[in-house]
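Encoded as structure tokens, the structure appears first; notes follow it.
Taken together, the values in this text are just the output of simple stated rules run on the coordinates, not laboratory data. This one's a predicted model, so the numbers in the text were calculated from it and none came from an experiment. Methodologically, a virtual Cβ is constructed for each residue, glycine included, from the backbone with ideal geometry; neighbour enumeration extends over all protein chains shown.
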Amino acid sequence: MISTKMADRINLQINREMFSAYLYMAMSARMTEMGYTGIGKWLMIQYHEEMFHAMKFAKYLQDQGASVKLDKLDTPDFPEKTVKELFQHVLKHEQWVTASIREMVELARTEKDYATENLLNWYIDEQVEEEKNATEILQAIDLIGNNAQGLFMLNVELGKRDNHAPLDFTKA
């Protein structure tokens, strides 16, 4: 049985994952409006992944007999106007999510909640990948500089990304 404290912390994380999705949807819209449809697609796939992360946590709570509690989502605010600035924000945001997952691991260890700690191992691996992806995109942008042809090619390349997040959240 999961503790109330752990269930509350997972509910907080569900809302953080949903905010992340909301942020990526807003970023996707901006990039698409600016003509970067490939980057917009990449960011929309991020939206789907973040929603999957939230649903995976929600299913876990339900499997543990705990309630899922959703809060109001804040409107995402990002002043970035360039592709590089946007991906710097993506990396910073993913680092924030990683820190949040680490806090959950510490709580699970304190409570000797091995089931939750086991679940969180999947998220730890996922965050390594999320930060790696953002870092590699930023490295590519640094190589490109402010070259229009390079940004065009990056846009095309990021547009090739496929959505691997399951559509059936009951199997999260």
Would you mind calculating the relative contact order of the chain from Cα pairs under 8 angstrom and at least 6 residues apart, reporting the percent as a whole number?
32
Taking neighbour counts of Cβ atoms within 10 Å as a proxy for exposure, in what order, fewest first, do 161, 16 appear?
161, 16
Can you tell me the Rg and the Dmax, both Å, for the Cα atoms in region 70-172?
17.3, 53
Could you tell me the distance between the Cα centroids of region 126-158 and region 18-46, to the nearest Å?
14
DSSP-loop GluC sites (Glu not before Pro) across region 74-172, with at most 15 other Cβ within 10 angstrom:
80, 111
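Using 1/(1 + (r/R0)^6) with R0 = 45 angstrom and r between the beta carbons of residue 8 and residue 131, what's the FRET efficiency to the nearest 0.05?
It comes to 0.95.
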Take 28, 20, 3, 67 and order them by how many other Cβ atoms sit within 10 Å, fewest up front.
67, 3, 28, 20
Principal axis dimensions, region 11-71 - Cα atoms, whole angstrom, descending:
46, 17, 9
Going by C-beta contacts inside 10 Å, put 156, 90 in order with the fewest on the left.
156, 90
Percent of Cα-Cα pairs per 5 Å bin, from 0 to the last occupied bin, for the chain, please list those.
1, 8, 16, 21, 18, 13, 10, 6, 4, 2, 0, 0
